[in-house]
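To start, the structure itself, in structure tokens.
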Amino acid sequence: MDLAIEDINTTKKRLRVEIPADVIEKEIGLSLQKLKQKAKLPGFRQGMAPMNLLEKRFGKEVEAEVLDKVIPEYFGKALKEADIEPVTFPVIDEKIGFERNKPLNISFTIEVLPKIGDIQYENIPIKEVPVVVNESDVDEYLESLRESRAVFEVADKAIDVDDLVSFEFVDCAIKGEETSPPSIKEQVSQMGNEILPVDIMDKVLGKKKGDLLEFDTTFDERCISKELVGKTADITLKVSEIKKKNLPDINDDFAKDLGFDTMSEMRDKVKERLDAIKKEHIGKLHKAKIMGQILETHNFDVPETLLKKEMESLAMQESVSQKESPATAAQEDSTEKDPETVRAEFEQKALKNVRASIILNAIGGKEGVTVSDNEVDERINMLAQRLSATPEAVRNFYSYKEGSLDSLRHSIFEDKVLDLLLSKAQLEKGE
């Protein structure tokens, strides 16, 4: 096999491979022999048809099957001979021109990881952050638990800040239109909380059951009913029910409801939990600072495909985040950036993420970091517990989304490399 390698740039190579004619002809001959044993042609018994007739009738099909076999085979040999690990599937540069009894020349373009040289990752100085959990931290955490166990009861009273209020739709009128058709009123009545203004609680404070609330609202592009987008409506609602929030007292009974014997034991366990949370958070900050320092000294190109994939991932995360937090999305819309600026910011963030991943792969490979099946199972069980799902459901999610558990395994790999970097860092006393 003749092989020529051309460096297009630091992350892209072109491989020119010549597959000998005798290799292809031998494969075609073997395929025709197998075909002969089972072929049934008019006028010939099975297995007795002449080779020239078989080749005339099935030659093109056989040639295609042989090329489908030998091209990937020789591509693999070329990668092994060149000691290259591609990060994407190869792209054949030009149409394959095959002629019988002649060598087949093929040109592939592949993307590869860049050479980044030696990485200095030992004794990186980082400031140590002491972990302190104050009693006020415990109080704040217990107050959040108390809030999560609030009970709302129907009350005959004026609306207060923490009350749960239900409304009944009364009427709406689209501004600038003499009459609003029943279909519009029905659409608005079915939109629920979407029609409520941001300052709804300020408007209803002090009102009682049966009181009317009038306000106007403009429907933007997020409105489910596209017929209403851009229109402003005067809306009238009626307070239909008021529920008062009742909070439990933080005492021994509260502690027992949470599985503790006494309030003192509960506070001790909460303190331990907060200490672990703070240590984990500080560990993440330290790892980020270590990676930041390593990235400052390694500025290299990354494969276009990996960069594009990371940008798509970031865009997907941003889309999900906006759907989960409409208020934040609305605030960002008020200071909307032009598409080119957004793309440039995404590209820079994606570039940093891909560089970090390449560096972690290089360090992990040098240090012999591996991920066992047991570690994958442990991570799956942890995710299942956190998501209140079964381990099998988590496995199915990754199989459906990614096609395998490879992305999860790689995530564990990077976490282990980051733990390694933190263990090799030089902690300096900080405030």
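Miscellaneous remarks
- Loop GluC sites (Glu not before Pro), segment 53-158 (other Cβ atoms within 10 Å of the site Cβ: 11 or fewer; DSSP): 94, 99, 122
- Pairs of alpha carbons in segment 132-284 whose separation is greater than 27 Å (percent): 50
- When every Cα-Cα distance of segment 39-89 is counted in 10 angstrom steps from zero, the calculated P(r) takes the values 21, 30, 21, 16, 12, 1 percent.
- Average Cα contact separation per residue, the chain, under 8 Å, 6 or more apart, as relative contact order %: 18
- HN-Hα J in Hz across segment 121-130 - Karplus 6.51, -1.76, 1.60, θ = phi - 60°, x for Gly and Pro: 10, 9, 6, 6, x, 9, 6, 6, 10, x
- Comparing 1, 46, 391 along the charge dipole axis of the chain, the residue lying farthest to the positive side is 46, per the Cβ-charge model.
- Our analysis of the chain gives Rg over Rh at 1.13, with the two radii drawn from alpha carbon positions and Rh computed by the Kirkwood formula.
- Solvent exposure ordering (accessible area, 1.4 Å, most first) of 266, 191: 191, 266
- Dipole magnitude for the chain: computed about the Cα centre from +1 point charges on Lys and Arg Cβ and -1 point charges on Asp and Glu Cβ, it is near 2320 debye.
- Shape class for segment 218-315, computed from the alpha carbon gyration tensor (a ≥ b ≥ c): oblate, with a/c not under 1.5 and a/b at or below b/c.
- Chymotrypsin sites (Phe, Trp or Tyr not before Pro) restricted to segment 131-216 and DSSP loop, no more than 14 other C-beta within 10 Å: none
- Calculated from the alpha-carbon coordinates, segment 1-79 shows an Rg and a Dmax of 17.5, 61 Å respectively.
- Separation of segment 1-43 from segment 71-128 is 20 Å, based on Cα centroids.
- Modelled label reach - residue 9, point 7 Å along Cα→Cβ, segment 86-117 residues with backbone N closer than 15 Å: 110-115
- Degrees between helix 373-387 axis and first principal axis of the chain (Cα, 0 to 90, nearest 10): 30
- Relative contact order, whole percent, for segment 63-118 stands at 33, derived from Cα pairs under 8 Å and 6 or more residues apart.
- For segment 1-105, trypsin sites (Lys or Arg not before Pro) are listed when DSSP marks them as loop and at most 13 other Cβ atoms sit within 10 Å of their Cβ; the list is 40, 45, 95, 100.
- Computed extension gain for residue 424 through residue 2, at 0.36 nm per residue and net of the alpha carbon distance, reaches 147.3 nm.
The values are calculated or read from the model by the stated rules, or taken from the named source; none is laboratory data. A quick note: this is a predicted structure, and the numbers were derived from the prediction, not measured. Neighbour counts are summed over all protein chains in view; Cβ atoms, including those assigned to glycine, are modelled from backbone coordinates with ideal geometry. In case anyone asks, the SASA skips ligands and DNA or RNA and just uses the protein heavy atoms, side chains included. Shrake-Rupley method; radii C 1.70, N 1.55, O 1.52, S 1.80 Å.
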